[in-house]
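The structure under discussion appears below in the form of structure tokens.
The values are calculated or read from the model by the stated rules, or taken from the named source; none is laboratory data. Quick caveat: nothing in here was measured; it's all calculated off a predicted structure. Cβ placement follows ideal geometry from the backbone for every residue including glycine, while neighbour counts extend to all protein chains displayed.
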């Protein structure tokens, strides 16, 4: 029969046991402390690419989703002593090597650092809205530095502070390199009013890439609240009850200049629509997309859901020849691009790049992006394969498998296998 140990003997043996294993336990603890740090480096550390454009590209158009440069995005910059342009740190080369860049700005521009303006903001904030967004004027500097040419402000946050946000936004964007669409002093203004300096919320922004290629951009929203609507003599955003005006604008954009039209070779529509956080587009989106395709839109860029939705190619009518079909590419939602939301699906993003190649062919590619600390970056690290598959699966679920493939880490649509932008350029 074994001898029963006293309490003192048990304590001594336990102490000796722990002493022998102290080195092992310390090593295990160190590993557990190091693993999260190393994993974070592998999973999240990213760098900006040195080059993004091949020599075979004649023109490149880049398109992105929702950008919000206020709230916690701004707080992060101020706390760390950054300029707000830090959010474009990893993606700037993609835009520098593009001929035209466009996206959605999800907030008005308000100089809250001005004591007089700050004093007005509390009273101006719309009471029937729970969330109020705004960005400081330095956000425009960031957009210019990132080489954006156009942004739409036709969305459900553009007038969160009523007339104050409207007038401040128009004032701060005046004479800046980035043009705005979807917001203005009135709707369907006369040529005289435009000559007097008023901005039409339904205006089309034209951008000449060179003497042979013109891009037209317009913004409209199907998601808005009472008081946001722009009308004949009232400033605001361009809203979906005015789809007939949108149709007129699109047909005008596609008409050659020799016939009094805009002479656009590519017509892009930004539209704020759909259901937030839903990965599937709804019936209203399909109806609106068909209307825009029938009136000449080439690419329809969806915003508002904050998550990626699928791309689709739909058949419409050629606005210049009703006996001829016209196909449009619909990007139902490009999700977030710069935003402070933290769910996985709201952090999955993409840059869409439309390339016109020197051999006359056309292709559209999706660069997979991940948003960390409100900063988009190309997917890298151990989770790249997993994240790319999720993003590509979502974007391609409504595409014919014969027209797309994955190449060089991108999802690529061969537009020559479709009728999108068929028939070359219309510019005269």
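Quick notes on this one:
- The single residue among 252, 303 that is at pLDDT 95 or above and over 20 Å from residue 214 (Cα atoms) turns out to be 303.
- With respect to the conditions (1) assigned to a strand (DSSP E or B); (2) buried (at least 24 other Cβ atoms within 10 Å of the Cβ); (3) in contact with a helix residue (DSSP H, G or I) (Cβ under 7 Å, 6 or more places away or on another chain), residue 301 falls short on a single one, namely (3).
- Hey, residue 170 touching a helix residue (DSSP H, G or I) at 6+ places or on another chain (Cβ under 6 Å), part of a helix (DSSP H, G or I) and either more than 25 Å from residue 94 (Cα to Cα) or in contact (Cβ under 8 Å) with a residue 12 or more places away in the chain (or both) or not: no
- All told, residue 126 meets the bar of being at pLDDT below 95, outside any helix (DSSP H, G or I) and buried (at least 16 other Cβ atoms within 10 Å of the Cβ).
- Search result, residues across segment 185-205 that are outside any loop (DSSP other than H, G, I, E, B), in contact with a helix residue (DSSP H, G or I) (Cβ under 8 Å, 6 or more places away or on another chain) and either within 19 Å of residue 148 (Cβ to Cβ) or free of Cβ contacts under 8 Å to residues at least 40 places away in the same chain (or both): 200
- Count - residues of segment 334-346 that are in a helix (DSSP H, G or I) and either out of contact with any strand residue (DSSP E or B) (no Cβ under 7 Å at 6 or more places or on another chain) or surrounded by fewer than 20 Cβ atoms within 10 Å (Cβ to Cβ) (or both): 2
- Some residue of segment 145-152 being under 15 Å from the mean Cα position of the chain (by Cα), modelled with pLDDT of 95 or more, in a loop (DSSP other than H, G, I, E, B) and surrounded by 24 or more Cβ atoms within 10 Å (Cβ to Cβ): yes
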